[in-house]
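The values are calculated or read from the model by the stated rules, or taken from the named source; none is laboratory data. Computed from a prediction, not measured in an experiment: that's the story for all the values here. Virtual Cβ from ideal backbone geometry, glycine too; neighbours counted across all protein chains shown.
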Amino acid sequence: MKRYPAYEFPEYVDWRPDPAVQQAFADRLVADPARAAVIGALDREALLSLYEGLVRARLHDIHLKRWVKQGVITKAWLGAGEEAVTVGACAALRPEDVVGPMIRNAAACFQRGMPMVECFAAYLGTTDAITQGRDLHIGDLEFGVVPPISHVGDLVPVMAGCALAFRLRGEPRVAVTWTGDGSTATGAVHEGLRMASATRAPFICFVQNNLVALGTRGQAHFTGDFADLPAAYGMTGMVVDGNNVLDVYAATVLAAERCRRGEGPVLIVAQTFRMGGHATHDEREARELFPPEVFAHWGQRDPIGCFETWLVEARGVAPEALSAIEARVDAAIEAAAREAVSGKGVREPDPATVAQGVWA
Amino acid sequence: MAVGTFLEALREALLEEMEDDERVFLLGEDIATYGGAFKLTQGFVERFGPGRVIDTPIAEGGIIGAAIGAALMGLRPVAEMQFLDFISCGFDQLTNFAAKVHYRWGQPVPIVVRGPGGAAGGGPFHSQSVEMYFIKTPGIKVVEPSTAADAKLLLKAAIRDPNPVLFIEHKGLYRAPALREELPDRAAVGELGRAAIRRDGSDLVIITYGAMVHKSLEAAEQIAREDGAQVRVLDLRTLQPMDDAAIMEAVRACARVLIVHEDTRTAGLAGEITARINEQAFEWLDAPIRRVTALDTPVPYNKNLEAAFLPQVPDIVRAARGLLDY
Ligand SMILES: Cc1ncc(C[n+]2csc(CCOP(=O)(O)OP(=O)(O)O)c2C)c(N)n1
Ligand SMILES: [Mg+2]
């Protein structure tokens, strides 16, 4: 896809496929026979739809960065470089399933079909968003999205509870959420996993291990291995390459099948890396947390670059087909962002309504 | 002596206490390498090493619990909540463990739990006033300074206090240029439990604390200018234990009382202050006690909604005039 030097990480701006990394990407797809079968069953349309999801997520973040630069908003929390964990998981779900995305998984909102305008409007605090300006975290049950609160970890027991409801009613639905590596330290994550495990709820929890929590390397406060957690909690465990959308997709399909068969919750550890800052304001500082080689390593594993290359080289997709998707998504995002901005100062919540809605 | 902001005052207090007392150490999320979400502890790990400036996991219960344990073993921990909203995750350790140790077995728990509170555009989970959850729990002192000098003096006092102290820093004051002032020198330490008169007057007293001290002062100046009445502004500074003597003295001097707080209305501190005045100084009142508070809603994200949620200077002026005319 087109790169944006003003907004993207340097490793992405000059991204070129590396044969060894591409080989590892391809090897990953056949490393596990069950996942390989799921991936093998994907037709061209499904593959392109994954591509579209990744591109939409990336362009959404680039647009938010543009807004920060223009002073439309003061900062934004981005999922750039980690899109595959969100997009691959959501693509594996059915419309009746529910997801609880953290802000870094904002792509889950549009993957589930929430209007892009709303996602942008939430940042602006205008009435175009379901929250009517009351919060910037959004979700909408109509699309099966439970919004997070800021308190990290708190979604885990809540999503386990959604899954419990499905089990109690005998519905073949699953609930999915993501927790950051740092957030696994919270009591809420621990308690949520124990609840899910105890109730054998159809629940999938990702540990999105991007090696960092806010301004501190993960290693500074956790030297264990997340892959050991599922066994400790009595859950089915899987490890995925979080920068390989097909690996994430296939694992989630298999996890959801287990859940729907009543085989209990699944904990999926996704290895990835936060290429940017905790939010847009501390990107420069974040670059100092790891040596440049680490950024080079993960930059080469750009989930979009790798997948794009694979689509063209292994699946014979014409680059023009990909750019056509990109152009379409780009236009849609431009339009949504423009529409959202047009509400600023215009479709603002009426202060007279501030006290309404505390009670149902 | 140096001039500094509210945030610099806090930094100085931590720095000096750590230099002067090797038992004092800091623990919290992103406070070492990153220097804290508000850069309050920037440079501390370089100065004192990772043994005394500890980057913890995201585990507020773990942080407060570990502070309690270290205090029981003779240290003086200062725990940071990245935002005070997140103290909810450590609620049990503070209210059930820390608060009840001394009453149960006579052992002091000298810990400080500090962090940014109050609304400054952060939405429902980065803006809350958390004081009442803790004021209602016997055994926890609660402090909220409103000036840079007090920030330094009272944080030092909190660290030296033998009790668990919740130290609330309104984030809107951190870098407010108007609050820059000469900071007290190294030897000075404040005293918990004492209110301060920020503006003298005898026609009405506004009892308040934290960021609302400044809005109340603005309102008092406006009333002096436009109405010629002199409004006293009493800054509580310590919310638990409260300075009843200063409150009653003000009631006797002014006879009209307005209480202003940023916290929500129901079960906010105003209710408790009102009850105490009724018990201790009712006969001195010439008018019913009134309060200006935030609304009984979560803190909204949109800035216009947030402004409507928060007490504003005109709200204070209006309520004060209502009392003066009573
Ligand atoms: C209970 C709680 N404590 C502290 C915070 C402040 N905070 C927000 S995000 C974050 C780091 C999260 O790290 P991680 O879980 O690894 O997720 P990532 O941001 O890397 O995606 C922290 C400490 C919070 N939101 N909630
Ligand atoms: Mg992380």
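Couple of notes before you dig in:
- Test result for A:LEU267, among the hydrophobic types (A, V, I, L, M, F, W, C), touching a Cys at 6+ places or on another chain (Cβ under 9 Å) and away from chain B (no Cβ under 14 Å): yes
- Qualifying residue in region B:20-36 (condition: over 15 Å from B:GLN82 (Cβ atoms), assigned to a helix (DSSP H, G or I) and assigned by TED's automatic domain parsing to the domain that holds B:ASP85): yes
- Filter result for A:ILE149 (within 14 Å of chain B (Cβ to nearest Cβ), under 15 Å from the mean Cα position of the chain (by Cα) and among the hydrophobic types (A, V, I, L, M, F, W, C)): no
- Filter result for A:SER183 (of a type in the set (Ser, Thr, Tyr), within 16 Å of ligand 1 (Cβ to nearest atom) and assigned to a loop (DSSP other than H, G, I, E, B)): no
- Qualifying residue in region A:165-177 (condition: more than 23 Å from the chain's Cα centre (by Cα), within 11 Å of another protein chain (Cβ to nearest Cβ) and outside any strand (DSSP E or B)): no
- Selection status of A:ALA84, assigned to a helix (DSSP H, G or I) and away from chain B (no Cβ under 14 Å): yes
Every residue, every condition in (1) of a type in the set (A, V, I, L, M); (2) touching a strand residue (DSSP E or B) at 6+ places or on another chain (Cβ under 9 Å); (3) farther than 25 Å from B:HIS102 by Cβ, yes or no:
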site	(1), (2), (3)
B:ARG52	no, yes, yes
B:GLY62	no, no, no
B:ARG76	no, yes, no
B:ALA79	yes, yes, no
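- Against the criterion of being assigned to a loop (DSSP other than H, G, I, E, B), within 16 Å of ligand 2 (Cβ to nearest atom) and in contact (Cβ under 8 Å) with a residue 40 or more places away in the chain, A:PRO148 qualifies.
- Among (1) more than 21 Å from the chain's Cα centre (by Cα); (2) away from ligand 1 (no atom under 14 Å from the Cβ); (3) touching a residue at least 12 places away in the same chain (Cβ under 8 Å) - the single one A:THR223 does not satisfy: (3)
- Checked across region A:94-109, the condition of being touching a helix residue (DSSP H, G or I) at 6+ places or on another chain (Cβ under 6 Å), surrounded by 23 or more Cβ atoms within 10 Å (Cβ to Cβ) and in a loop (DSSP other than H, G, I, E, B) holds for at least one residue.
- Checking each residue in region B:152-182 for being within 16 Å of B:LEU94 (Cβ to Cβ) and assigned to a helix (DSSP H, G or I) picks out only B:ALA158.
- Failed criterion for A:LEU289 (all others in (1) in contact with a helix residue (DSSP H, G or I) (Cβ under 8 Å, 6 or more places away or on another chain); (2) within 16 Å of ligand 2 (Cβ to nearest atom) hold): (1)
- Residues that are under 18 Å from B:GLY122 (Cα atoms), more than 10 Å from chain A (Cβ to nearest Cβ) and surrounded by fewer than 18 Cβ atoms within 10 Å (Cβ to Cβ), drawn from region B:282-325: B:GLN312
- Residues satisfying the stated conditions in region A:182-213, i.e. within 16 Å of ligand 2 (Cβ to nearest atom) and within 18 Å of A:ARG258 (Cβ to Cβ): A:CYS205, A:PHE206, A:VAL207
- With respect to the stated conditions, A:ALA220 is away from ligand 2 (no atom under 11 Å from the Cβ), touching a strand residue (DSSP E or B) at 6+ places or on another chain (Cβ under 7 Å) and over 19 Å from A:PRO265 (Cα atoms).
- On the stretch given as region A:239-283, residues that are among the small types (Gly, Ala, Ser), touching a Phe, Trp or Tyr at 6+ places or on another chain (Cβ under 7 Å) and within 30 Å of B:LYS39 (Cα to Cα) total 2.
- Residues in region A:311-345 that are within 14 Å of chain B (Cβ to nearest Cβ) and without any contact (Cβ under 8 Å) to a residue 24 or more places away in the chain: A:GLY345 only.
- Residues satisfying the stated conditions in region A:112-145, i.e. more than 10 Å from every other protein chain (Cβ to nearest Cβ), in contact (Cβ under 8 Å) with a residue 60 or more places away in the chain and not in a helix (DSSP H, G or I): A:PRO115, A:ASP128
- Residues being in contact with an Asp or Glu (Cβ under 9 Å, 6 or more places away or on another chain) and not small (Gly, Ala, Ser) - total across region A:6-37: 12
- Selection count, region A:50-81, where residues are over 18 Å from A:ARG112 (Cβ atoms) and not in a helix (DSSP H, G or I): 10
- Residue count for region A:162-181, restricted to those that are free of Cβ contacts under 8 Å to residues at least 60 places away in the same chain and either within 16 Å of ligand 2 (Cβ to nearest atom) or touching a Ser or Thr at 6+ places or on another chain (Cβ under 9 Å) (or both): 3.
- Some residue of region B:60-80 being within 16 Å of ligand 2 (Cβ to nearest atom) and either touching a Gly at 6+ places or on another chain (Cβ under 8 Å) or β-branched (Val, Ile, Thr) (or both): no
- Single match in A:GLY215, A:GLY242 (criterion: away from chain B (no Cβ under 14 Å) and within 16 Å of ligand 1 (Cβ to nearest atom)): A:GLY242
- Among the conditions (1) in contact with a His (Cβ under 7 Å, 6 or more places away or on another chain); (2) farther than 27 Å from A:ALA352 by Cβ, the only one that B:MET242 does not satisfy is (1).
- Among (1) buried (at least 24 other Cβ atoms within 10 Å of the Cβ); (2) within 14 Å of chain A (Cβ to nearest Cβ); (3) in contact with a helix residue (DSSP H, G or I) (Cβ under 7 Å, 6 or more places away or on another chain) - the single one B:GLY90 does not satisfy: (1)
- Residues located in region B:269-326, provided they are within 30 Å of A:ILE73 (Cβ to Cβ) and among the hydrophobic types (A, V, I, L, M, F, W, C): B:ALA294, B:LEU295, B:VAL299, B:LEU305, B:ALA307, B:ALA308, B:PHE309, B:LEU310, B:VAL313
Rundown of residues vs (1) in contact with a Lys or Arg (Cβ under 6 Å, 6 or more places away or on another chain); (2) more than 14 Å from chain A (Cβ to nearest Cβ); (3) at negative phi, yes/no style:
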residue: B:GLU12; (1), (2), (3): yes, yes, yes
residue: B:GLU22; (1), (2), (3): no, yes, yes
residue: B:LEU27; (1), (2), (3): no, no, yes
residue: B:TYR34; (1), (2), (3): no, no, yes
residue: B:ILE54; (1), (2), (3): no, no, yes
residue: B:PRO57; (1), (2), (3): no, no, yes
residue: B:ALA67; (1), (2), (3): no, yes, yes
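- Subset tally (residues that are within 16 Å of ligand 2 (Cβ to nearest atom) and among the hydroxyl-bearing types (Ser, Thr, Tyr)) for region A:54-103: 1
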